[in-house]
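Engineer: Once you've had a glance at the structure underneath, I'll fire off some questions.
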Amino acid sequence: MSVASRSICRAGALVAVVIGALLATASPAQAATVVARWTMEGSGATMADVTGHGHTGTLHNVDVRQPGQTGFGYGFSGKPAYVAVPSSSAFSPGTQNIKIAASVRYSTLPSAAVGDYDLVRRGLSSTAGGDYKLEILGGGQAFCLYRGSGGQVSVTGPVVGFNAWHTLTCSRIGNSVVLTVDGTSVTRTGSTGSIANSSTVFVGAKNSAGEDQYRGLMDDVSITVG
């Protein structure tokens, strides 16, 4: 082998070593984790988290063992009817991606007095550290919002039709918020920054007073972070 050839080989080996070292010290990508999933199959007074993370919710005037999208679901008809899930740092994504998902079936729009149906909510517009929510507006459109230290981004999506099951997801992915209804997505771009608060997660209403209460059936709610 010529001197020139040996030099090229040594240079190539050095590059490979450098690249290997950089890869070894690089931070691994944050994997997405389903931090809570509530399939709403139970018949008791609590809503089990099937992930095993222990994020159990307490039912308030919720009808159990109702027809679900698969198996059973919950019915929200009485007032106030909601599920409260105690605060956990797992529900504070910081700057990570986050996705809320829920399946719903309903037959009446929110009344003027109600305004909209809150499906999943953590925090209020006044909550320090930000908030997020997935809801159905008075006209039947899906709506989702994320607010953090860097701003607020909201998305209004397709109408969620009557008397059929629909799957809704509300995702913050980097600097975009994506609202999807049965596979049809609407995206808005904007910075939200870090989201971290100590609020209860409410399913089916805005708060323990039952404001913005959902009226209908719900199944398979989840929160994924990362």
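The values are calculated or read from the model by the stated rules, or taken from the named source; none is laboratory data. This one's a predicted model, so the numbers in the text were calculated from it and none came from an experiment. So basically every Cβ, Gly included, is an ideal-geometry build from the backbone, and we count neighbours across all protein chains shown.
Engineer: Considering every residue within the stretch 157-178, establish whether at least one is more than 25 Å from V50 (Cα to Cα), among the aromatic types (F, W, Y) and either in a strand (DSSP E or B) or out of contact with any helix residue (DSSP H, G or I) (no Cβ under 6 Å at 6 or more places or on another chain) (or both).
Structural biologist: yes
Engineer: Since T25 meets every condition but one in (1) more than 28 Å from G193 (Cα to Cα); (2) modelled with pLDDT under 95, which condition does it not meet?
Structural biologist: (1)
Engineer: Sticking with this one: Looking only at residues that are charged (D, E, K, R) and in a strand (DSSP E or B) in the stretch 210-226, which one is surrounded by the fewest Cβ atoms within 10 Å (Cβ to Cβ)?
Structural biologist: Initial filter on the stretch 210-226 (charged (D, E, K, R)): 211-212, 215, 219-220.
Applying the additional criterion that residues be in a strand (DSSP E or B) yields 219-220.
On the way: D219: 23, D220: 21.
Result: D220.
Residues are listed down the side, and each one gets a yes or a no for (1) within 18 Å of S92 (Cα to Cα); (2) of a type outside the set (G, A, S):
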residue	(1), (2)
V181	no, yes
R188	no, yes
S191	yes, no
N197	yes, yes
T200	yes, yes
V203	yes, yes
R215	no, yes
D219	no, yes
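Engineer: Given the structure, is A36 more than 20 Å from V160 (Cα to Cα), in a strand (DSSP E or B) and modelled with pLDDT of 95 or more?
Structural biologist: Considered against the rule, which asks whether it is more than 20 Å from V160 (Cα to Cα), in a strand (DSSP E or B) and modelled with pLDDT of 95 or more, A36 comes out as yes.
Engineer: If we keep just the residues of the stretch 187-209 that are among the hydroxyl-bearing types (S, T, Y) and in a strand (DSSP E or B), which is nearest to G148 (Cα to Cα)?
Structural biologist: T189
Engineer: With respect to V34, determine if the residue is within 13 Å of V201 (Cα to Cα) and among the β-branched types (V, I, T).
Structural biologist: Judged against the criteria, V34 is not a match.
Engineer: Assess whether G75 counts as being within 18 Å of T169 (Cβ to Cβ), small (G, A, S) and modelled with pLDDT of 95 or more.
Structural biologist: no
Engineer: Also, quick follow-up: If the requirement is being surrounded by 19 or more Cβ atoms within 10 Å (Cβ to Cβ) and among the aliphatic types (A, V, I, L, M), which of these qualifies: L179, L137?
Structural biologist: L179
Engineer: Six or more apart or on different chains, Cβ under 6 Å: which pairs go from a residue in the stretch 56-69 that's under 14 Å from V201 (Cα atoms) to one that's not in a strand (DSSP E or B)? Could you list them?
Structural biologist: Matching pairs, first to second residue: T56/D49; L59/A45.
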